Amino acid sequence: EVQIVQSGGGLVEAGGSLRLSCVASGFSFDEYSIGWFRQAPGKEREGVSCVSHRIGETYYAASVKGRFTISSDRAKNTVYLQMNSLTPEDTAVYYCAVDRGTYYPCQYEYEYWGRGTQVTVSS
């Protein structure tokens, strides 16, 4: 079955960087979509960055485009989210998620979810 283990959250000052890691197993990176979502208290969950390798499409939320980069290491079954130029508005619980769908990555409800990791950006 699909298993998702994520790490890399923490506290960072505004303008700093942080990298999240997601080790995912039980599926093929070539046949699933995988990516990152986030949710802050009082706000709805939003897709941050997701990739579908099958169709070669990557999605970035407008709020993170140019600052965040999603990447993967197939040999390690790992997906990363490199977050640069962080601002307090990036503070949220970040979730790694996987879905069997391959179109419109990040833009629909995903099926499998990691437990989340807290990212806090101080001003």
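The values are calculated or read from the model by the stated rules, or taken from the named source; none is laboratory data. Please read all numbers here as calculations on a predicted model, not as lab measurements. FYI the Cβ positions are ideal-geometry reconstructions off the backbone, even for glycines, and counts take in every protein chain you see. Surface areas here come from the heavy atoms of the whole protein model, side chains and all, with no ligands, DNA or RNA. Shrake-Rupley method; radii C 1.70, N 1.55, O 1.52, S 1.80 Å.
Where does each of D30, D73 land when they are ordered by accessible area, with a 1.4 Å probe and the largest first?
On the way: D30 70, D73 45 Å².
Largest accessible area first, the list is D30, D73.
So if a site counts as exposed when it's one of the chymotrypsin sites (Phe, Trp or Tyr not before Pro), its DSSP state isn't H, G, I, E or B, and it has at most 14 other Cβ atoms within 10 Å, what's the longest stretch of the chain without one? Before the final figure, lay out the partial values.
Working: sites that count: Y103, Y108.
Excluding the exposed sites themselves, the longest stretch runs over 1-102.
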Q. How big is Rg to Rh over the chain, alpha-carbon atoms, Rh as the Kirkwood inverse-mean-distance radius?
A. 0.94
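Count neighbours as other Cβ atoms within 10 Å of each site's Cβ, and list the trypsin sites (Lys or Arg not before Pro) in the stretch 53-102 that are DSSP loop with at most 16 such neighbours.
Details: sites: R54, K65, R67, R74, K76, R100; in loops: R54, K65, R67, R100.
Taking the stretch 53-102 and a limit of 16 other Cβ atoms within 10 Å, the loop trypsin sites (Lys or Arg not before Pro) found are R54, K65, R67, R100.
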Q | Vicinal HN-Hα couplings computed from phi for the stretch 103-111 (Karplus, 6.51 cos²θ - 1.76 cosθ + 1.60; Hz; Gly/Pro x) | A | 9, 6, x, 6, 9, 7, 6, 7, 9
Q. Which is the longest run of the chain containing none of the GluC sites (Glu not before Pro) found in DSSP loop states (not H, G, I, E, B) with at most 15 other C-beta atoms within 10 Å?
A. 45-108
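Let's see if you can work this out: charge +1 on each Lys and Arg Cβ, -1 on each Asp and Glu Cβ, no other charges. What is the dipole magnitude of the chain about its Cα centre, in debye to the nearest 20?
Details: 11 positive and 13 negative charges, 46 e Å.
Value, rounded to 20: 220 debye.
I'm checking a number: the convex hull volume of the Cα atoms of the stretch 1-40, normalised per residue, in Å³. What is it? Please report the intermediate quantities before stating the final value.
Numbers: hull volume 3.9 nm³, N = 40.
Normalising the Cα hull of the stretch 1-40 by residue number yields 97 Å³.
Which value, in Å², gives the accessible area per residue of the chain when a 1.4 Å probe is used on the protein heavy atoms? Don't jump to the answer; show the numbers that get you there.
Details: 6370 Å² over 123 residues.
Each residue of the chain exposes 52 Å² on average to a 1.4 Å probe.
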